[in-house]
Amino acid sequence: MTEPTWRVINRTDKDLLTHLCHLRGFDPENLTPTFIGGLRDPWLLPNIKSAVKLIVQARRDGWPIAIFGDYDADGTPAAALLSIVFERLGLEHQVYLPSRQSGYGLKKEVVKEIGKSARLLITVDTGITAIEEIKLAKQLGLKTIVLDHHLPKTTLPEADAIVDPMIPTNRYPFLGLCGCALAFKFAQALSQEFPQLTEGFVKQLLDLVAVSTVTDMVPLTDENRVLVYYGLIVLRQNRRIGLRWLLSRSGIKAEELDSGKIAFAIGPRLNASGRLSDNRPAFDLLVSQDEQIAANLAQTINDTNRTRQDLLEQAIAEADKLVFAQNQPSDRVLTILQPNWPTGLVGLIAGRLVKKHNRPVIAGSIIDGILRASGRSIEPFSLIEALDATSQYLDQYGGHKQAAGLSLHPNKWLGFSKLIKDRAAATVSLEDLQPRLLAEAIIDEGELNLKLAHSLEQLSPFGMGNLEPLLMLENAELLNKRVVGSKSNHSQVSFSLGSKKVDGIGFNLAEKFKAAPDKVNLIGKLQINRWQNLEKLQFNILDYQPTGSRIERIDGQTTA
């Protein structure tokens, strides 16, 4: 694996927090998000008035409603949020979720089934590309609302209301909402028509929004930062029965929840069932009002997540062997196919390989004669644009710049792979494939203290678009190091910077630290290790270089 090059941003202010705020576009005097001032007006969303009117009519005329979501930790909580709102309003409704076996998105067979009993179909976190399916729904006499945050095709579906910030008529000023956040904005708008949806009730929905926003990896900037900040407050109150039991099964204390624990513990568990089969257990958990049922569901989901982890590790081992049996080292996109992989794991496999090889990866599996694949990318290469350019080979595709899904016939895989590799060869430079670490500042020994670590937490919640600050230490002296972890793959070190002695942890760096010299530069995150009401400073090391190594110093610019 190629060693990353290091860059560090020159300070714009002696005060580190002020410097980091400048880079993010934050006001250092007003770092705490405000709920009222920080949220956008839901009535600016396209067609939101038409969508609200349909719910008013559905309640007045007693229409049965069908909610169609997705099998991931955005579409499933989004469907749960709508179900909770409709339950509050006394609206008859039924929730439909696709499975990995049936494939992503609304299918005509499901529309026909819905048409037998419902009068109104609402898609959430999906639907914007379901042109033929929504046309069929219209023919069957269904009214339709599309709540989606994905990019549309050239043609929009013939829905009665399309609430999607990505459509051309949008006036909503923030384009980063996930599906569940969009459902929350819908609930906000509905609250102005229905007094049952009190301010307190609507705010209690923010726990679902926080989980989805972090897990769906949308940017934690602008409105999303507000939603996650206050969603974490709701999560820490630990009122939702299902999430309370899921936290218990995960061994996480509610008061210690942050965006990182959502990303690495809660989100994957809510995704687990959907990755291996269907996500009904996660939906049932989120809407459950029964302690025993919730406890059993949480245990089932936790067990499924363990199975998912075991299967993933097996698949990653296979992928490591196959990647250069199916690709050339010079390829600037890697495509890998293993027919027996669960389709719900191919995105995770692609993500792991991107981290290892720092180039776009598309991983696929074949189930029932259909090749389903998922891609993950690096910043310079837009997957969705590449799939547009290779669409002649594809049956279905969709997604974003750095994550996408696709399906095609197996006999088209080689042609597709060649064409997308040719595109990457023409658009991705060798420099783009060079892994980089960007430190936002160099800190000195006088700043290595708990006070600074506490101040940095004011920038949270951290996630896409607002990453936890990477900082650099120069001329640190390693005092001791030892291998830790069940797989002996982590390195626990202590080091001194001038007169300061600090503990550090290097996850998955045990092998690399074996060759570490006594004097090093370190790049990582300044954090607080909390244990049994005690706080200790810790440096989470991402990489080291021998003192004197070349480091590029650059001027900062706003990253928000």
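This table checks each residue for (1) at pLDDT 95 or above; (2) β-branched (Val, Ile, Thr).
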{"site": "Leu31", "(1), (2)": "no, no"}
{"site": "Lys53", "(1), (2)": "yes, no"}
{"site": "Arg60", "(1), (2)": "yes, no"}
{"site": "Ile114", "(1), (2)": "yes, yes"}
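Looking at segment 147-205 only, could you name the residues that are aromatic (Phe, Trp, Tyr) and either closer than 17 Å to Ile384 by Cβ or more than 23 Å from the chain's Cα centre (by Cα) (or both)?
Matches in segment 147-205: Phe194, Phe201.
Hey, any hits in segment 369-388 for a residue that's in contact with a helix residue (DSSP H, G or I) (Cβ under 8 Å, 6 or more places away or on another chain), over 21 Å from His149 (Cα atoms), open to solvent by 20 Å² or more (accessible area, probe 1.4 Å) and without any contact (Cβ under 8 Å) to a residue 40 or more places away in the chain?
No, there is no match, as no residue in segment 369-388 is in contact with a helix residue (DSSP H, G or I) (Cβ under 8 Å, 6 or more places away or on another chain), over 21 Å from His149 (Cα atoms), open to solvent by 20 Å² or more (accessible area, probe 1.4 Å) and without any contact (Cβ under 8 Å) to a residue 40 or more places away in the chain.
Give Ile384, Ile378 a once-over and let me know the one that is at negative phi and assigned to a helix (DSSP H, G or I).
It is Ile384.
Does Asn449 qualify as being within 28 Å of the chain's Cα centre (by Cα) and in contact (Cβ under 8 Å) with a residue 24 or more places away in the chain?
Here the answer is no, as Asn449 does not meet what is asked.
What's the total number of residues in segment 417-437 that are of a type in the set (Ser, Thr, Tyr) and surrounded by 15 or more Cβ atoms within 10 Å (Cβ to Cβ)?
Counting residues in segment 417-437 that are of a type in the set (Ser, Thr, Tyr) and surrounded by 15 or more Cβ atoms within 10 Å (Cβ to Cβ) gives 2.
For segment 440-533, give me every one of the strands (runs of 3 or more DSSP E) that falls completely inside it and has 1 or more residues that are closer than 30 Å to Gly25 by Cα, touching a Pro at 6+ places or on another chain (Cβ under 6 Å) and open to solvent by 10 Å² or more (accessible area, probe 1.4 Å).
Where strands (runs of 3 or more DSSP E) fall fully within segment 440-533, none carries at least 1 residues being closer than 30 Å to Gly25 by Cα, touching a Pro at 6+ places or on another chain (Cβ under 6 Å) and open to solvent by 10 Å² or more (accessible area, probe 1.4 Å).
Could you check segment 64-82 and list, in sequence order, the residues that are of a type outside the set (A, V, I, L, M, F, W, C) and crowded, with 21+ Cβ neighbours inside 10 Å?
Within segment 64-82, Gly69, Asp70, Tyr71, Asp72, Asp74, Gly75, Thr76, Pro77 meet the criteria.
Please pick out the residue among Arg7, Arg60, Arg40 that is out of contact with any Asp or Glu (no Cβ under 9 Å at 6 or more places or on another chain), open to solvent by 50 Å² or more (accessible area, probe 1.4 Å) and of a type in the set (Lys, Arg).
Of the residues listed, the single one that is out of contact with any Asp or Glu (no Cβ under 9 Å at 6 or more places or on another chain), open to solvent by 50 Å² or more (accessible area, probe 1.4 Å) and of a type in the set (Lys, Arg) is Arg60.
Given the criterion among the charged types (D, E, K, R) and touching a Ser or Thr at 6+ places or on another chain (Cβ under 7 Å), identify the matching residue among Asp395, Asp432, Asp444, Asp368.
Answer to the check: Asp395.
Please enumerate the residues belonging to segment 259-278 that are touching a strand residue (DSSP E or B) at 6+ places or on another chain (Cβ under 9 Å) and modelled with pLDDT of 90 or more.
Ser259, Gly260, Ile262, Ala263
Within segment 446-469, does at least one residue satisfy the condition of being within 21 Å of Gly548 (Cα to Cα), aliphatic (A, V, I, L, M) and modelled with pLDDT of 95 or more?
Within segment 446-469 (the criterion being within 21 Å of Gly548 (Cα to Cα), aliphatic (A, V, I, L, M) and modelled with pLDDT of 95 or more), the answer is no, since none of the residues qualifies.
So, restricting to helices (runs of 4 or more DSSP H) that lie completely within segment 96-194, which ones have at least 1 residues that are open to solvent by 10 Å² or more (accessible area, probe 1.4 Å) and among the small types (Gly, Ala, Ser)?
Per the criteria, 108-115, 179-191.
Is segment 454-466 home to any residue that is more than 23 Å from Thr18 (Cβ to Cβ) and within 28 Å of the chain's Cα centre (by Cα)?
yes
I'm checking my understanding of the structure. Among residues of segment 227-256 that are hydrophobic (A, V, I, L, M, F, W, C) and open to solvent by 40 Å² or more (accessible area, probe 1.4 Å), which one is farthest from Asp290 (Cα to Cα)?
Within segment 227-256, the match that is farthest from Asp290 (Cα to Cα) is Ile233.
Go through the residues of segment 474-485 one by one and say whether even a single one is touching a residue at least 12 places away in the same chain (Cβ under 8 Å), under 29 Å from Ile378 (Cβ atoms) and touching a Phe, Trp or Tyr at 6+ places or on another chain (Cβ under 7 Å).
no
Residues of segment 396-416 being assigned to a helix (DSSP H, G or I) and open to solvent by 10 Å² or more (accessible area, probe 1.4 Å), which ones?
Residues satisfying the conditions are Pro410, Asn411, Lys412, Trp413, Leu414, Gly415.
Scan (1) over 30 Å from Val428 (Cα atoms); (2) more than 20 Å from the chain's Cα centre (by Cα) for the single condition Ser365 breaks and write down its number.
Failed condition: (1).
The values are calculated or read from the model by the stated rules, or taken from the named source; none is laboratory data. Keep in mind the model is a prediction, meaning the values are calculated, not measured. Backbone-built Cβ (ideal geometry, glycine too); neighbour counts: all protein chains shown. The protein model used for the area step is the full one, side chains on, heavy atoms only, and it has no ligands, DNA or RNA in it. Shrake-Rupley method; radii C 1.70, N 1.55, O 1.52, S 1.80 Å.
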